[in-house]
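Okay, so here's the structure we're looking at.
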Amino acid sequence: MHKYLFILGQANDLAKEEITTVLDEAQDKILKTGTNFVVASSGKNAEQLMSTLGGTVKIADFIETIDDPSKLTDEKWLIYLKQSIAKANGDKIHFGFSLYNDSNRNYRAINKTALAIKRQLKQKHKVRLVSSKEPVLSSVIVATNKLLGNELLIVKYNNKWLLGMTRAVQDFVKYGQRDMNRPGRDSKSGMLPPKVAQMMINIGSISRQKTILDPFCGSGTVLQEAILLGFKKINGSDLSPRAVSDSNKNITWLKKEFNLESEVNIKQSDIKNLSKDFAPNSIDLIVTEPFMGDARIIKNKRSINQLTDIKQELQYLYLESFAQFKKILKPGGKIVFIFPIFRIKDQTIPTLDKNIIQQINFELIPPKIKSDQLSDNGNIIYSRPGQVVQRELSLWQ
Ligand SMILES: C[S@@+](CC[C@H](N)C(=O)[O-])C[C@H]1O[C@@H](n2cnc3c(N)ncnc32)[C@H](O)[C@@H]1O
């Protein structure tokens, strides 16, 4: 068993729900969680875990907890770097550190210790202390400056400091590639960030044997991430012929680019007729970001009345969707569904009315994590600063 320190990306709550689901189902143990980190034991190696998790940006071997940052002495730090020093063999030793959730004063004190280590190492080795303007080194800096195994993570939590050595970072090149390089991009109807799609799938199921469907597939982000996660039976559908064609293009491109095999079946289908296009009891898991209203009205000419009208139309569409899902889902099947929340001035207009959906016998499963940022319905919210539409992520069975 390894003991790891996981650093979560900006979508903290979503990332924590993802990691909790993935580790729980593998019967790994979560030992501690803070806003932006998790400590857990796992039998898997760090790279394996990193390629599964969309919301984790760094995975470190957990070292120890100290109760005062001044206890992080140069002797101690040199012990953490022992392996890299032994392996250096005349090559330059790169090292660095990231300090999370702490003050500038402590950052300066730790940086002094790092400079002392640099001076000591310099006597026998070529050495470089990698630093940036921020107290935290990004995954990009870690990966491009040979810091894997040589970056010390220091995370302040409840007046203690958790220490770890970074083993894996998020593969930013691969994410960029599958987001920006795919041939079919439709920025008008909105694309889900690949990491969010990945987290939604993991929250729905960690079993890759399941048959998955995105019935509002757009340009195919969820389908793409399902292939990369190792699902073999993947279905998509959308009302728009352009979306179907974009998804097909993207899937063909992705399979070739990443050399992957999966059975992917994409249909043009209006959500009202979904059960005509997919057989009864044929789907285990639906993961989708549905139509969320006319983006132009929502962004520009919005008034509370307009948004309330849009909300009503959407609620009707979502009810129709769930009624169709009921027909094609296998017993016990699950749905991960995004409901938009519109924000106007100080007001928020949620589109999820859970009573409507519970009336057709779907149960809303609350998140496993505790958070003070949940929606009024108790769901995790995903949004970026300044966004007019927030996404409320819900899990149904
Ligand atoms: C927000 S987009 C989904 C984007 C997708 N998650 C992606 O990353 O590319 C919503 C999609 O719903 C589709 N749509 C709208 N009304 C629909 C309906 N009645 N039935 C099926 N699809 C519909 C739109 O064509 C659009 O592609």
Exercise. Using the number of other C-beta atoms within 10 angstrom as an exposure proxy, rank MET200, MET50, MET180 with the fewest first.
Key: MET180, MET50, MET200
Quiz item: Equivalent-ellipsoid semi-axes (√(5λ), Cα gyration tensor) for the range 1-131, whole Å, largest first?
Solution: 30, 18, 13
Quiz item: Which FRET efficiency value, to the nearest 0.05, is calculated for GLU134 and LYS82 with the Förster distance at 35 angstrom and r the Cβ-Cβ distance?
Solution: 0.80
Quiz prompt | Sorted by Cβ density within 10 Å, fewest first, the residues SER207, SER262 | solution = SER207, SER262
Practice problem: Can you tell me the relative contact order of the chain? Whole percent, Cα pairs under 8 Å, sequence separation 6 or more. | Solution: 14
Quiz prompt | Spin-label pair LYS276/ASP171, simplified geometry with 7 Å Cα→Cβ offset, distance in nm | solution = 4.1
Quiz item: Listed here are the pairs LYS16/LYS160; LYS255/LYS326; LYS82/LYS174; LYS87/LYS118; which of them are more than 26 Å apart at the Cα?
Solution: LYS255/LYS326; LYS82/LYS174
Practice problem: Provide the gained length on full extension for the span GLN10 to HIS125, in nm with one decimal, where the gain is 0.36 nm per separating residue minus the Cα-Cα distance. | Solution: 37.7 nm
Quiz prompt | Cβ-placed point charges (K, R +1; D, E -1), dipole of the range 315-361 about Cα centre in debye, nearest 20 | solution = 200
Self-check item: Residue-by-residue Karplus 3J(HN,Hα) for the range 46-57, coefficients 6.51, -1.76, 1.60, Hz, glycine and proline x
Solution: 4, 5, 4, 5, 4, 6, 7, 8, x, x, 9, 9
Quiz item: Expressed in nm to one decimal, what extension gain is obtained for the pair LEU31 and THR65 from 0.36 nm per residue of sequence separation less their Cα-Cα distance?
Solution: 11.0 nm
Exercise. Can you spot the aspartates and glutamates whose alpha carbon is less than 15 Å from LYS267's alpha carbon? Ignore those fewer than 8 places along the same chain.
Key: ASP214, ASP238, ASP246, ASP277
Practice problem: Counting only GluC sites (Glu not before Pro) that are in a DSSP loop and have at most 14 other C-beta atoms within 10 Å, tell me the longest site-free stretch of the chain. | Solution: 1-260
Quiz item: HN-Hα J couplings of the range 122-133 from phi, Karplus 6.51/-1.76/1.60, θ = phi - 60°, integer Hz, Gly and Pro as x?
Solution: 4, 4, 10, 10, 7, 8, 9, 8, 8, 9, 9, 6
Quiz item: Using alpha carbons only, how many degrees (0 to 90, rounded to 10) separate the axis of helix 12-25 from the longest principal axis of the chain?
Solution: 90
Practice problem: Give the long-range amide H neighbours of SER237: residues separated by 5 or more places, or on another chain, with amide H under 5 Å away, using H modelled in the peptide plane at 1.01 Å from N. | Solution: ASP214, PHE216, CYS217, LYS267
Quiz prompt | Note, ³J(HN,Hα) from phi for the range 276-286, Karplus 6.51, -1.76, 1.60, rounded to Hz, x at Gly and Pro | solution = 7, 8, 10, 5, x, 6, 10, 10, 8, 9, 10
Practice problem: Would you mind ranking ARG391, ARG242 by Cβ crowding within 10 Å, fewest neighbours first? | Solution: ARG242, ARG391
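A short reminder: the numbers here are calculations on the coordinates, not readings from a lab. These numbers come from a predicted model, not from an experiment. Note: ideal-geometry Cβ built from the backbone for every residue, glycine included; neighbour counts use all protein chains shown.
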